[in-house]
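What follows is a set of notes on a single structure, which appears directly below.
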Amino acid sequence: MSEAAAISIDDVRDEAHPLVDKDLVRWHLIAAVFFMFTAMLGGFIASLQFLNEYPFNGISWLSYGRLRFLHTNEVAFGFLVNSFVGMLYYAVPRLTGRRLFNRTLGWLIFFVWQALVLLTSIGQLLGKAQAVEWGETPTGFRPGTFELNYVPVDFLIEVGAVLLAVNLLYPIAKSIHKRLYVSLWYITAGMIWLILTYVMGNTLPEWTLAGSSGGATAGLYIHDLVGLFVTPFGWGLMYFFVPIILRKPIWSHALSVIGFWALAFFYPLNGVHHFLYSSIPMSVQYGAIIATIAVEIVVTTVVVNFFGTMWGRGYALRQSIPIRWFYTGMVFYFTTCLQCSFQTTLTFQEIIHFTDWVPGHAHLVMLGVFAFWNMGMIVWLWPRLTGHEWYSRRLLGWHYWLVMLGLLIMFLDLTAAGLVHGFMFKNMAPWMRIVDSLKPFWWFRTFAGAMIITGVSCFIYNLWMTAKHDKPYDYRVDLVHDPKEAIANG
Amino acid sequence: MDRFPSIVLAAAFGCFAISMLLSALYPWAITDAKQPEASIADVAANITEEFAELKRAYPVSFRQKLGDAAAAADAPLEAMQAAHAEALQRGRDLYIGEGCWHCHSQFVRPVANEEARFGHIRTPAEENNALQRPVLWGTRRVGPDLTNEGGKRSNDWHVAHLHNPRSTSPGSVMPGYTWYFREGFQVFRRIDPNKAEVAGIDPDTAYPYPGLYDTEEEARAALETIKANLDPTVAEEGDRLFVREAVGPDGDALCIIAYLQWLGTWFPEKPTEE
Ligand code: HEM
């Protein structure tokens with residue numbers, strides 16, 4: 001271990017030949033923040049449709065349906081992929097002591113990926129989406145005919161993901177350490193799952209399986225994209241950043257291994273829970289329900305592990321904004337998964353399925369957990385990448401509170417709206433009565449969205465000004481320390 | 001390569017494979033594998049009444065989109081079936097591209113009084129057709145379920161609703177799809193002024209004749225044809241005919257409506273017992 005640490009630190013100091021390519025990391029983060037903002041703006045505009053205050057009535061390519069594709073796809077492929085890749089380019093070389101496979105390949109992937117995300121959005125605005133939720137990337141041709149009607153984005157993304165895997169798995173395969181840290185387990189598996197999931201979700205439902213078995217695979221895709229791509233990368237990076245910032249090892253390595261295996265086994269069995277009470281055979285539906293409840297146990301082990309790590313370092317929540325983002329995200333993660341194990345039951349499904357409860361849940365997990373973690377990681381890395389002290393630490397606080405409270409309002413509001421919808425529906429209220437009853441909730445959602453966008457704007461302004469001004473960064477200001485000791489030392 | 005954790009690779013590939021086995025291959029094997037997927041031609045073979053009516057009411061848009069062969073008044077059945085298949089395919093594609101499926105489900109569940117509200121619950125065999133690939137169940141209902149929409153509303157209702165949902169359903173939050181409508185010229189007949197007075201209706205009220213023409217000349221020619229063919233007993237109606245600018249559905253809108261009117265009307269043949 002000490003030998004490894006020596007190598008990596010020497011490498012970091014070798015200016016001409018750094019271990020981590022900071023430019024590549026920085027540009028991925030810039031792209032991530034850009035797409036986070038455009039995706040949120042898309043979501044915000046989409047939310048105006050529900051108020052009948054839509055600003056772009058009559059403009060086909062800016063209509064609600066098409067903007068909604070853009071919203072979810074830019075979140076997944078523009079924001080989360082870019083941000084995760086940037087973080088992995090930072091973490092993997094440090095964990096393995098090896099550089100990426102090829103720096104030029106890294107830049108190639110960067111540019112190709114941004115082009116693909118833009119082509120996805122443009123295709124969706126032109127009405128070329130594919131009917132797989134969260135995989136609405138245009139196929140480019142009708143299966144079976146091969147006459148191009150658009151750029152075959154699906155296929156190009158598959159190629160891009162394979163190249164990314166080469167770049168990232170190479171240093172892991174050549175690691176200077178004999179045993180791989182748990183982060184690398186998650187990252188290796190996540191990289192492979194990303195490819196498998198994407199290929200599966202973009203071929204089976206559209207090319208071969210119609211109807212109920214197509215529904216089973218489409219459900220699998222929605223779920224795997226969250227569970228087998230976003231979640232492993234997210235936890236892998238948490239296992240990397242949290243011990244660094246708290247300056248202590250993870251509480252229990254045994255628990256982390258249990259968490260990994262249980263995720264690998266149970267998560268992919270959940271897919272069908274998106275279509276309960278459907279024409280998919282009931283035995284398969286029950287299987288998915290049981291697996292979903294099992295996931296809750298997995299999640300508990302992981303969350304316990306992280307709170308065990310935090311034990312005795314509670315002051316870090318006040319001192320370190322990244323830690324605050326991470327642990328808020330973990331509380332929301334636990335909440336989401338607890339919610340999962342209830343809402344997957346047939347009793348809950350009857351009422352909440354098809355209602356606003358579902359977007360409430362989706363925002364809690366995608367924004368409240370994974371976007372929070374990524375924002376926390378960006379906060380941690382940005383001064384290190386630019387070498388500049390934050391322009392304003394106060395604005396970092398505003399960013400946290402506006403986004404956190406905005407998300408909380410959005411979640412509670414949509415959950416309540418879902419219950420109102422579900423019970424009115426069951427009680428046979430006429431459809432327009434239901435719609436009218438939901439409008440106040442939809443106003444609140446838009447308000448919460450405005451809070452979130454304001455918070456994120458503070459963040460972007462802060463990132464920009466930090467990059468521009470020239471006060472050097474001293475990493476010691478961010479070291480968490482026991483306040484009692486500080487007093488004792490005078 | 002020797003240090004590469006093969007156990008992690010096993011976890012990644014192995015667990016994924018197990019999940020494919022349990023939640024894709026197995027449900028497929030006990031449902032859809034038992035019968036071939038119905039093609040678009042199969043599901044379009046039964047022409048809905050509404051589709052034939054769309055052709056009569058919007059002859060110009062119909063011809064522009066679906067071709068002369070089917071647009072002819074005495075089109076053979078095969079031509080109409082081919083046009084129906086094309087309309088369903090196109091309508092389905094637009095339904096996907098516009099994201100209708102993010103606001104409407106096609107998935108009636110056997111709970112929460114859904115059968116009473118939306119009707120028939122589809123069986124796996126009824127789902128197994130080319131228009132359900134990718135499956136359009138949806139996960140969100142901002143608007144009602146459309147599984148059995150076919151025949152529930154008239155074509156005219158759908159035309160008005162697609163153009164501006166607020167016109168038929170005040171307060172609706174569905175977008176208006178005005179870009180599937182075109183401007184042109186149409187023949188109208190003003191109502192009988194005497195009748196209007198008796199009934200207290202605005203005497204400028206006028207009723208359209210089928211056919212939205214691109215140029216005024218075409219519309220005038222249509223007006224003359226109508227006039228020439230009027231029943232002699234109502235010949236004076238010819239004087240109340242006039243041409244004016246109007247908006248009507250284009251070929252794409254007809255395809256969307258044909259698709260909506262088809263939903264829930266197709267049932268596979270029962271597999272023959274051996
Ligand atoms: C400014 C903040 C945001 C607003 C106003 C907003 C608004 C919306 C709206 C209106 C929908 C459609 C919901 C429906 O179909 O009923 C939606 C869906 C979704 N949004 Fe957002 N959004 C925001 C931020 C985010 C962020 C940051 C993420 C992820 C990191 C996200 C992830 C999603 C997902 C996954 C869905 C699909 C949910 C589903 O259909 O179940 N959103 N959002």
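Throughout, read-outs are computed from the coordinates displayed, never taken from laboratory work. Only a predicted model underlies this, so the values are computations on that prediction, with no experimental measurement involved. All Cβ positions, glycine included, derive from the backbone under ideal geometry; neighbour counts span all protein chains shown.
Given their separation in residues at 0.36 nm each and the Cα-Cα distance between them, A:ALA416 and A:ASN52 gain 129.0 nm when the chain is fully extended.
Eigen-decomposition of the gyration tensor built on the alpha-carbon atoms of region B:182-249 gives equivalent ellipsoid semi-axes of 22, 16, 7 angstrom, largest listed first.
Arranged from fewest to most other beta-carbon atoms within 10 Å of their beta carbon, A:SER183, B:SER6 become B:SER6, A:SER183.
For B:LYS195, which aspartates and glutamates qualify as cross-link partners when the Cα separation must be under 15 Å and same-chain residues fewer than eight apart are set aside? Qualifying aspartates and glutamates at Cα under 15 Å: B:ASP204, B:GLU236, B:GLU237. Under 20 Å from a point 7 Å along the Cα-to-Cβ line of A:TRP311: which residues of region A:233-263 have their amide N that close? Hits in region A:233-263 for A:TRP311 at 20 Å: A:239-240, A:242-260. For region A:349-416, the convex hull spanned by the alpha carbon atoms encloses 66 Å³ per residue. Here the convex hull built on the C-alpha positions of region A:55-132 has a volume of 103 cubic angstrom per residue. As a rough footprinting exposure proxy, the listed residues A:ARG384, A:ARG99 were ranked by other beta carbons within 10 Å of their own, and the order from fewest upward is A:ARG384, A:ARG99.
Both radii were evaluated on the Cα set of region A:319-475; the Rg over Rh quotient, with Rh as the Kirkwood radius, amounts to 1.11.
Order these by the 10 Å Cβ neighbour count, fewest first: A:MET465, A:MET36, A:MET404. Please report the intermediate quantities before stating the final value.
Details: A:MET465 14, A:MET36 25, A:MET404 20.
Lowest to highest Cβ neighbour count: A:MET465, A:MET404, A:MET36.
Modelled label positions at B:ALA206 and B:ARG166, each set 7 Å beyond Cα in the direction of Cβ, lie 2.6 nm from each other. Fully extending the segment from B:ILE226 to B:ARG56, taken as 0.36 nm per residue of separation minus the present Cα-Cα distance, adds 59.8 nm. Under the criterion of Cα pairs below 8 Å and six or more residues apart, the relative contact order for chain B equals 25 percent. Taking the square roots of five times each eigenvalue of the Cα gyration tensor of the protein assembly as shown, the equivalent ellipsoid has semi-axes of 54, 28, 24 Å, listed largest first. A Stokes-Einstein calculation at 37 °C with viscosity 0.692 mPa s, built on the Kirkwood radius of region A:391-460 over Cα pairs, returns a diffusion coefficient of 246 µm²/s.
Tell me the mean residue ellipticity at 222 nm calculated for chain A from its helices only (DSSP H runs of n ≥ 4, each -39500 (n - 2.57), averaged over every residue, nearest 500).
On the way: 19 runs with 341 residues, N = 490.
Counting only the DSSP helices, I get -23500 deg cm²/dmol.
Which is the longest stretch in chain A that no exposed loop site breaks, taking sites as GluC sites (Glu not before Pro) with a DSSP loop state and at most 14 other Cβ atoms within 10 Å?
The answer is A:148-490.
Based on Cα atoms of region A:181-313, Rg over Rh with Rh as the Kirkwood radius reads 1.06.
Here is the result for region A:317-369: no chymotrypsin sites (Phe, Trp or Tyr not before Pro) lie in DSSP coil with at most 16 other C-beta atoms within 10 angstrom of their C-beta.
Translational diffusion of region B:1-112 was estimated from the Stokes-Einstein equation, with Rh taken as the Kirkwood radius over Cα pairs; at 20 °C and 1.002 mPa s the coefficient is 116 µm²/s. When you filter the chymotrypsin sites (Phe, Trp or Tyr not before Pro) in region A:126-193 for DSSP loop state and at most 11 other Cβ atoms inside 10 Å of their Cβ, you are left with A:PHE146.
Which entries of B:LYS34/B:LYS65; A:LYS128/A:LYS426; B:LYS55/B:LYS152; A:LYS128/B:LYS65; A:LYS22/A:LYS174 show an alpha-carbon separation above 26 angstrom in the structure shown? Result: B:LYS34/B:LYS65; A:LYS128/A:LYS426 exceed 26 Å.
Computed from the Cα positions only, the extents of chain B along the three principal axes stand at 92, 45, 44 Å, in decreasing order.
With just the Cα atoms defining each centre, how far is region A:257-334 from region B:145-214? Give it in Å. Centre-to-centre (Cα) distance: 52 Å.
Here the calculated FRET efficiency for A:ALA467 and A:LEU408, from their Cβ-Cβ distance with R0 = 30 Å, stands at 0.50, rounded to the nearest 0.05.
Return one quarter of the surface area of the convex hull spanned by the alpha-carbon atoms of region B:35-76, equal to its mean projected area, in nm².
With every direction weighted equally, the projected area is 3.6 nm².
Here the Kirkwood formula, the inverse mean of 1/r across different C-alpha pairs, assigns region A:23-175 a hydrodynamic radius of 16.6 Å. For chymotrypsin sites (Phe, Trp or Tyr not before Pro), no site in region B:62-157 is both called loop by DSSP and has at most 13 other Cβ atoms within 10 Å.
Legend: calculated FRET efficiency, B:ALA69 to B:GLU269, from the Cβ-Cβ distance at R0 = 25 Å, rounded to 0.05, equals 0.35.
May I ask you to compute the full-extension gain from A:ARG103 to A:TRP207, defined as 0.36 nm times their residue separation minus their alpha-carbon distance, rounded to one decimal in nm? Here the answer is 33.8 nm.
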